[in-house]
Amino acid sequence: MSIRTTCPYCGVGCGVVAQPDGTLHGDPAHPANAGRLCSKGAALGETLGLEGRLLEPHLDGARSGWGPALDRIAAAFTNTIARHGPNSVALYVSGQLLTEDYYAANKFAKGFLGTANIDSNSRLCMASAVAGHRRAFGEDIVPGIYDDLEAADLLILVGSNTAWCHPVLYQRIVAARAADPARRLVVIDPRRTATCQDADLHLPLRPGSDVALFCGLLSHLADLGQLGAYADGEAVAAARAAMPDIASVATACDLAQGDVARFFDWFAATPRAVTLFSQGVNQSSSGTDKVTAILNVHVGSNRIGKPGATAFSVTGQPNAMGGRETGALANMLAAHLEWDRPGDHALLAQFWQAPGLALRPGLKAVELFDAIGRREVRAVWIIGTNPAFSLPRAAAARAALAACDFVAVSEVSANSDTLGFAHVQLPALGWGEKDGTVTNSERMISRQRAFRPAPGQARADWWAIAQVAARMGHGAAFSWRGPADIFREHAALSGFRNDGARVFDISSLAAISDAAYDALGPTRWPCPAEGPAPARLAGGAAPTRMVAVSPRPPAGRTDAEFPFLLNTGRIRDQWHGMTRTGLVPRLMAHVGEPFVAVHPDDCALIDGALARVGSREGAAVLRVRHDRGQRRGELFAPMHWTAALCAQGRINDVVNDFVDPLSGQPEFKHTPVALSPWPAGWFGFLLADTARPSLAPWCALIAQPGGVWRHELAGPEQPEAAFARLVERLDLPASAPRLCDAHAGRFRIALIRQGILRMVLFVGPAPLLPARDWLAGRIGTAVAPGERAALLAGAPPGAAAASASVCICHGVDSAAITGAIAAGADDVAAVGAATRAGTGCGSCRPEIAALLARVPVPA
Amino acid sequence: MQTTNSATTLIIGAGPAGMRCAETLARAGRRVVLIGDEASPPYDRVALSRWLADEITQADLITHDPARLAALGISFHGGSRVTAIDPARHQVATADGGVIGYDTLVLATGSRAIRLALPGAQLANVLLYRTLDDVRAMIDATGDGGRAIVIGGGLLGLEAAAGLAARGMAVTVLHAVDRLMERQLDQRASRRLSGHLAARGITIIENAASSAILGEDRACGVVLDDGRVLPAELVVMAVGIAPEASLARAAGLLVARGIVVDGQMRSSRNDIFAIGECAEFQGQCVGLVLPALAQAEIAARAICGEAATWQPATDSAALKVAGAPVWSAGLVECADGEQITLDDPDGAYRRLLLRQDRLVGAVLFGETADAAWYMRLIRDCAPIGALRETLPFGPAYQEAAP
C-alpha cells in the first residue's frame, strides 16, 4: 500500500511515495520533484526507527500520561496569565509543524491566551524574506514558481548553496542548463560552494554587501534606461547615491570590476532573469533591505511575475510558508491579516469568536528568549524546535530556559538539548505518523500523510493544543475532530470577507470533504472560491512597489581580539539538529564531525586539528578543514551539531544575536570571532556497538553502518594518561591486545570477546590517525587468530588508504571516482556510468565535477 | 677468488666457522687441512637441539661427510686435538704426537661451555650442552624418563629443557636471575615464555642460586642456597660459554677474552687468523653462527689476498621452544631507548627498541615471520621516520613492502 506524502526537510517540498515499511521513492507525479529525491530525502526510510524517540508524556521528569501533563500546562498558563497578564506566556513553534498544527497554535495564543507571543523558528530562516515581500507587495507573496528557474536565461543564486541545501531544485536547474547551454548561472556567495562548480560566474562578495551589489545593479539599469512602469524615483535615487557606478560596487563588495561589469551586462541583456535567494540574504541585520534591494531590481526593471523573470525566495523548512499563511509568527495575525490594516483585527476576532484576540504584535524569537531571561515571560510551550541549540547566543537561551518558571516541550526526540529544561514533555508525532498539509517555496500546498501508526503515546500537536485550550475553557473553539476540520477553518478564514483584499485566499478548499482532503493533490495558492488564479503573482493585480534602501555594514565588526568573520550554514547530508539525519550512517559518511572551514593561508593549524572558535558570546571547538573556497579572514561552520552528538560543536553558542530591525531575523552569517588552537594533548577514536557520549573533553558521535558508533575524541591530557583513563572507564580487560608507543604517545587497544571484535580505541598525540571505515566495518565481526594484533594497525595489510565518501546513494568514494577519471571518464555522466556515483539523488554531482576539474583525464 | 697457490692453510676447529672457512678456501683452489677434536665429521651444531628434541636423527646433523670433504679436496683430521702452536716454525703439534705444518693458520676453536664450580659439578651425569657427545649423553640419560634439572634459563638452557621434556623427562629450569633469556628478552616476553613453558609442563624457578649438586658418583639432585633440595636423575649445565683461546694464548698471540683480530680476522701474527666464537674484534666476541660464518668467509678472502673487512653486525637469536617461536635481535635494554610494544596476551608479542630514530632492538614472541625485516632495519641503521607508526605491524604494512 503506497502512500503519497511530502518530504519533511527543506522548502522544496518534494513528493514522496512511501510504504508502511519505510521503503520510499520520489513521487513522479509531484510538480516539485517529478520523482527526484536528494540524499536526505532518499534516506528518509532509515530515520523511522523508534530509537531515541520521546514516546510518553513526562511531568517533572517522570512518566505521567497525557491527562496530568495537559492539566499542568493549562494550570501553568492560567495561573501565570492571572498573575502576570497574557504577555507573560508564550509559544515557540517550528517550520516543521504542519499547517494545521500551526493554525491551532496561533489561534490558541493570539485568540485565546490573548498574546501574540507566538513565534516560530521560521524567524531564524524566512523573516527577512517575509518583511521584504510585505514591503514590496503589501503581503507575504513569493511571486514566482519553480518553472521560472528553468525558464530563465540568466539565473542568479544569491546567498544560497542550492546544490546542497535545495538539491532537487538545483538538479532541475542543472538539467535545464544542460538542455540549453546558453542559459547562464551566476552565484553570489562569499564562499566558493559546491553550487559554484557549475556556475558561469561566481562573485565572492564581501559578506553583507548584497545591498550594495543590487543597488549598483539598479543604478546600472537606470543608466541604461531599462527601468519600467513600477520604477520608483526615490528608490532609484537612493541606489544611485549609494552605488553610482561599477567601481563603487567593486570597492563596496570587494569584487573585481570586470566581474561586476560582466554580471551587470548579462542582467541588462537578459529579460528572462531570475534571482533566487536564501539564508545568505535573509540571515542578516540588513536582511530585509537585501531582499528589498533584490526585489527593487526585478520590480524596477519589470522582471517580475513573468515566466523566467522574477525574484524568488526559497524557504529553508518544509512548512515555513504554511506558518506564514496561518500567521504563527509574532508580527502577523492569521491568513495574511495585519494588525495595522484597518478592520483586520476585528475580522479575525469575529471569525474566531475571540474577543480577547491579542491587540498588538508579540515578541520575536530573540526578543522572546531575552524576555524569558528577564522573567517577563514566565511560561513557555516549545513545539517541534530546539532553541537551546538553534538560537544565536544559545547559551543565553539555555540560561533563560533554566530560569523559566514553566517550560513545556513537545518533541519527537528524547535527545533534544531543550528537553532537559522542560517541566512537561509531550511526545509528538514524527514524519510518516502525522497528517496534514505543508506549503513549499512555490506556494504549493501538499499533503503530509501518515503511513505508520502513532508510536507509544505520541499524539498530534494540534490535538495537544486543543486539549490544553479546552482545559482553559475554550473547548468550543478547538473542537476539531481531525486535521481536515482545521484545514477547512483555515481555508474559510482565508476567504472570510476577503473580496480580493488578500492574495492569500484558498477559500475554494473551505468546504473540502474529509475524503477530498485525504485525496488532496498538490495545490498552489491562491485558489479562491471565485475561480482559478494565475500561478505567478505580482506585476499584475497585486500592488507592487520599490522601497528606497541603502547599504549598511553588518552589525558585528572584527577587531584585534576577534579578527575573523564566522559564517554558518547547512551541509549536504544533514538536516537542522540532526535528530533524524544524524542517525543515518550513510548520511554521516559525507561529513561526520562539526568543522570550521578556513582558508589555509589564514591558519597555522593543520587540516584535522581542533580549533576553538570564540566570540564575545561563547565558543565552540571544531575540526579544522582547510578550504581555499573561503575568503581570507572568513570562516564557515555547519549549524547542525547539538549536544546529543557533540557538546562542544554547538556553533550557535558562538553566533552573535544582532537582528534585522524590521524582520527580527538574527545575523547568523556574520559573527566576529577568534580562531585559536584548542590545546589538545591527545586525539583518538573509539569504535563500539554502543554510543558513549562525553567520553572525553571533546567528543563527537558518528553513526556507522551496522549499529556501530564512532566516537571522535580529544582532550588536554597527555596521550598515555588519557589512554589509561579510557581503558579503565571502558573496563577493558588485561587480555585485550594493545599497542603502546609511549614516546610517540601512540596507544591502541582492541576488545575481542569470543572471537568477535567488540571495541577498538586508538589514542595519539595528533589528529593523524588511521582511517576509521575499515575498522568500523570490523566491529561485530569474527577475528582470525593471526590478525588480532594487526587490527591495531587500523587497516588490512597492503590496503590502499581509505578515501572520502562522495556518493552516499551508491557508496562511492573519491578514490573510485578519480580512478574512473584516470581511466577516461571525462564528464559527470561518464563517471556515473563507470562507478554509479551521482546517479542516485544527484546531490554529489558538483563534488564529482570538482574532482573532474582536479584530476587530469587521459587524452 | 680462483688461485693456484699451493700454500697450505691449516684450520683448527671443524665447527661451522672452521668448516665454512675450509670450504671457501678449497673452492678457491687452496690446499686446506682441517683438524677437529670431535670425532664426528663436521655437523650443524645449531641443529643439535632438534636432535635432542627427537625431531631429526644424528645422521641428519652431518653437513660434510667424508666423501664430500674429499670431493672438496679438504684434508680432514677428525678426533684430533691440537696441543700447541709453534708460530716460528709454522707448525702445530697434536695430542697423538703428530706435527702439521702450515703456511697460514686459522683458529676456529669456538667456545667451551662453562661448568659451574659447584660441589658435585664433576659427577658423571652432570652434563654440558655444547657438543654432539654432550647431546648423545643427554639422549642416553633420557631413556627411562625421570627428572632433569637444567641450570641456566638462557637460549641454550631452554633448548635443552624443551628437548628433554620432549623426550619425556620432567624438567625443572633453574635460572639465576628474575627472567628467562634476560640477554635477549624484555620482562614481558620473558614472562610470556615462562607461561608458555609452564603450560607445557616445564617448571621454571627464577632467582634460583644453585649451591651444590648432590650425589655420590651420580648426581641425584641440586641444592639451592635457600636450602631447597630438588631431586633429579640428570643435571644439565647451560650457564654460558667462554671463547676457547688457550692454544693462542700459549702461542703468544694477543688474547683478551678471545683472540684479538683485526677487520680481516688476522691475529697479532700476520699468518694466523681467528674466526668464530674464539675471536675478539673491537672487544666483542660473536656468539651466533651467522656472524661466525661471515667471519670465516672474510678470513678466507683475506688469505686469498682480497681486501674484505669484517663489519660487526647486530646479533639475533631465534628460538623455538615447544612450539613457541621467539626471536630477538639487537639491544634488549637501552637507557635512552624508546620502546614500542604490540602485545596480545592471547597471541603474539613484539617489542621494538628505538634510539635516535633508529631501530636498535626487537623482540618477537609467538609470531616471528617478520624477523628478517626487523633484522634488516636494525642492520641498516637508517632513520625510521614516518615508518614508526606502522613499524610494529611488519613489512606487510609498508608502502613499498620489501
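All of the numbers you see were taken from the coordinates with simple rules; none came from a lab. Values in this document were obtained by computation on a predicted structure and should not be read as measured data. Neighbour counts are summed over all protein chains in view; Cβ atoms, including those assigned to glycine, are modelled from backbone coordinates with ideal geometry.
Observations, loosely collected:
- Reported to the nearest whole Å, the Cα centre-to-centre distance from region B:282-341 to region B:223-268 is 18.
- Cross-link partners of A:K434 among aspartates and glutamates (Cα-Cα below 12 Å; sequence separation of 8 or more within a chain): A:E100, A:D101, A:D461
- The smallest convex shape that holds all Cα atoms of region A:266-340, its convex hull, gives 128 Å³ per residue.
- Beta bridges by DSSP in chain B, antiparallel share as percent, to the nearest 5: 60 percent
- Working note: Cα gyration tensor of chain B, eigenvalues times five, square-rooted, sorted largest first, giving semi-axes of 35, 30, 18 Å.
- Ascending count of other beta-carbon atoms within 10 Å, so fewest first, for B:T172, A:T6: B:T172, A:T6
- Stokes-Einstein translational diffusion, region B:323-397 - Kirkwood Rh over all Cα pairs, 1.002 mPa s, 20 °C, in µm²/s: 175 µm²/s
- What the Kirkwood sum gives for region A:805-854 is a hydrodynamic radius of 10.0 Å, with every pair of different alpha carbons counted.
- As a proxy for reagent exposure, ranking A:T671, A:T23, A:T579 by other Cβ atoms within 10 Å from fewest up yields A:T23, A:T579, A:T671.
- The share of alpha-carbon pairs in region A:564-677 lying farther apart than 20 Å comes to 39%.
- Table column - 3J(HN,Hα) (Hz), region A:501-507, Karplus curve with 6.51, -1.76, 1.60, x for Gly and Pro: 6, 10, 5, 5, 8, 10, 5
- Mean shadow area of the protein assembly as shown, taken as a quarter of the surface of its Cα convex hull (nm²): 61.7 nm²
- Note on A:A346/A:W66: beta-carbon distance plugged into 1/(1 + (r/R0)^6) with R0 of 30 Å gives a FRET efficiency of 0.25.
- Set of lysines with alpha-carbon distance to A:K110 below 16 Å, sequence-local pairs under 8 removed: A:K364
- When region B:1-101 is reduced to its Cα atoms, the Kirkwood hydrodynamic radius in Å: 14.4 Å
- Environment charge of B:S268, counting only residues whose C-beta is closer than 12 Å and scoring Lys/Arg +1, Asp/Glu -1: 0
- For region A:210-276 and region B:20-63, distance of Cα centres in Å: 98 Å
- Global geometry of region A:682-793, whether rounded, prolate or oblate, following the gyration tensor of its Cα atoms and the 1.5 cut on a/c: oblate
- Contact order normalised by residue count of region A:682-793, Cα under 8 Å, 6+ apart, percent: 29 percent
- Normalising the Debye intensity of region A:461-541 to I(0), with uniform scatterers on Cα atoms only, and taking log10 at q = 0.14, 0.21, 0.24 Å⁻¹ returns -0.57, -0.97, -1.10.
- Amide H contacts under 5 Å for B:L127, placed H, 5+ residues apart: B:V235, B:V236, B:M237
- Separation of alpha-carbon centers, region A:722-757 and region A:792-855, rounded to whole Å: 34 Å
- Nearest-20 debye value, the protein assembly as shown charge dipole, Cβ charges on Lys, Arg, Asp, Glu: 1440 debye
- The Cβ shell under 11 Å around A:E530 holds other residues with a net charge of -2, Lys and Arg each +1, Asp and Glu each -1.
- Here's the list of aspartates and glutamates a cross-link from A:K306 could span, going by alpha-carbon distance under 19 Å and ignoring same-chain residues fewer than 8 apart: A:E139, A:D140, A:D147, A:D148, A:E150, A:D153, A:E442.
- Listed residues B:A84, B:A162, B:A113, most fluctuating in chain B (Gaussian network, C-alpha, under 10 Å): B:A84
- Neighbour-count order for B:L293, A:L154, fewest beta carbons within 10 angstrom listed first: B:L293, A:L154
- For chain A, the share of DSSP beta bridges that are antiparallel, to the nearest 5, is 60%.
- HN-Hα J in Hz across region A:162-168 - Karplus 6.51, -1.76, 1.60, θ = phi - 60°, x for Gly and Pro: 4, 4, 9, 9, 9, x, 5
- Over region B:23-80 - Rg/Rh using Cα atoms and the Kirkwood inverse-distance radius: 1.04
- Antiparallel bridges, percent of DSSP beta bridges restricted to region B:1-136 (to nearest 5): 40 percent
- Computed over the Cα atoms of region A:597-640, pair by distinct pair, the Kirkwood hydrodynamic radius stands at 10.8 angstrom.
- Taken over region B:50-195, the ratio of Cα radius of gyration to 2.2 N^0.38 Å equals 1.35.
- Each principal axis of region B:126-237 carries a Cα extent, and these read 40, 30, 24 Å when sorted largest first.
- Expressed in Å, the radius of gyration and Dmax of the Cα atoms of region A:127-313 are 14.8, 41.
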